[in-house]
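What follows is calculated from the coordinates using simple rules that are stated; it is not laboratory data. Owing to the predicted nature of the structure, the values given are computational and were not obtained by experimental measurement. So basically every Cβ, Gly included, is an ideal-geometry build from the backbone, and we count neighbours across all protein chains shown.
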Amino acid sequence: MKRIVPALGITICLALAACGGPPTHSQAAGSTAGSSETPTPTPTPTPTPTPTPTPTPTPTPTPTPTPTPTPTPTLTPTRAPTPMPSIASGHFAGIGTPQVPRSGVAPVVMRDGRVLVAGGCCQLQPLPGAPNWDRASGTMKSAEIFDPATGSFTFTGELVFPGNYGTATLLPSGRVLVVLGWTVLDGSPAQIYDPTTGTFSLAGELSRDWSAESAVLLRDGQVLLIGHTLSDNVARAELYDEATNRFENLGQIDGQVRFGVSGTLLEDGRVLVAGGGDGIMGSTWSSALLYEPSTKRFTPTGSMTTPRAGHSATLLPDGRVLIVGGLKGNGFMIAETHLRTAELYDPKTGQFTSTSSSTRLGGLMSATLLLDGRVLVLGPESDEPSKLADIFDPATGRFLKTGSLAVARWYASMVTLLDGRVLITSGENPYLDEKPDWEIYFP
């Protein structure tokens, strides 16, 4: 992208009128008829000289100073923007590769519609344009912004500490809280991204060594973090207050290890916390809890029909929560079953009920709510990268096939843009370490 600074110029044109002299008058000399006397000659009058007018000096105009134009700062991406395609409804289209291929990111739509992605993994070699990476973990410090209006990818400020597989939450101020799920440190430092300056800074310190699983923006503007510690892996909760830039330790949730747990804000302001697994012994949980912001406590609610971890959880327009897919038997390591089943949680009754299953997908699912109330679901086919996608319709309670992805993906991330399209980021082939181009879904 070339940077163009407009030039300002001011041309001054002066029209000056010429000054002429006074008009010239003619004088006639007459002869006199006379006597026989020799006439006395009439003396020739001495002509009165015409005064030469004094020219009026033309004032020299004072030139108006030409103002120096103030250049408009522009972020110049090193990768040329890809023209945004126009695609038929229900189809996907590739939009190019970001500045740095990355997986394990949590995209977040900012107020102006642009999308921030920060960190990611898992590079075993340094990449051009992103030299700051951690050799031990392969995680990155770089961050970039995708502009849906132009299709451009632009580097922005770097993370204070590298990391991946975390959460990113848009705060009421327009800043973004990033809590990384895996860092090179003994814990997961929380960081704040300020879009006005394009920089990251450290947020208040988390109480213990943390790995984030879920982050939920509450009605009062605080952020409920759900995760586990690296020391004992027990599920815990923290509360972040942007006004004070501090975290409040809420302690253990229920004494369980909950890798792959979900957290979903309900219409009444409570938070549904469902499922998860221990990640070691092969157990997954069907139990669920409700977080009450007024008391800062977790209380049990109805259990899911199927134990699962790594599932997706989406709030529907009617207030229910759609739970899709996940793993049964373990959070992430020794999965016994890649689930295609789905269920609905009704906060009015506190109960889960089964609904139809995904048509082809199973395992670690990604889902996002479309503007028309339907849900787009992506996921692998068992444990294989897949191009498949489903649409869940709450009106019928059924999953329907939709267009196929341009590239097979595994554990992709996605987010609904302000114009209703869906950005699919990340995703990879775990066997080939491929990180494909990003895509746009046209509902």
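Numerical summary
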{"read-out": "Rounded to the nearest 20 debye, dipole of region 196-328 from Cβ charges on Lys, Arg, Asp, Glu", "value": "320"}
{"read-out": "Within-10-Å neighbourhood charge of Thr353 [Cβ basis; K, R +1; D, E -1]", "value": "-1"}
{"read-out": "Residue-wise HN-Hα coupling along region 303-314, computed from phi with Karplus coefficients 6.51, -1.76, 1.60 (Hz; x: Gly, Pro)", "value": "8, 5, 6, 9, x, 7, 9, x, 8, 9, 9, 10"}
{"read-out": "Calculated FRET efficiency for the pair Lys348/Asp437, C-beta based, R₀ 56 Å, to 0.05", "value": "0.85"}
{"read-out": "Contour excess over end-to-end distance, with Cα ends at Leu418 and Asp232 and 0.36 nm allotted per residue", "value": "63.0 nm"}
{"read-out": "Principal axis box of region 365-428, alpha-carbon based, largest edge first, Å", "value": "30, 26, 16"}
{"read-out": "Projected area averaged over orientations for region 153-290, convex hull of C-alpha atoms, nm²", "value": "9.0"}
{"read-out": "5 angstrom amide H check on Ala212, placed H, neighbours 5+ away", "value": "Gly181"}
{"read-out": "At q = 0.14, 0.19, 0.20, 0.25 Å⁻¹, base-10 log of I(q)/I(0) for region 249-342 (Debye sum, equal scatterers on each alpha carbon)", "value": "-0.48, -0.84, -0.92, -1.26"}
{"read-out": "Charge sum, other residues only, whose C-beta stays under 12 Å from Ala93's C-beta, Lys/Arg counted +1 and Asp/Glu -1", "value": "-1"}
{"read-out": "Per residue convex hull volume, Cα atoms of region 216-298, in Å³", "value": "87"}
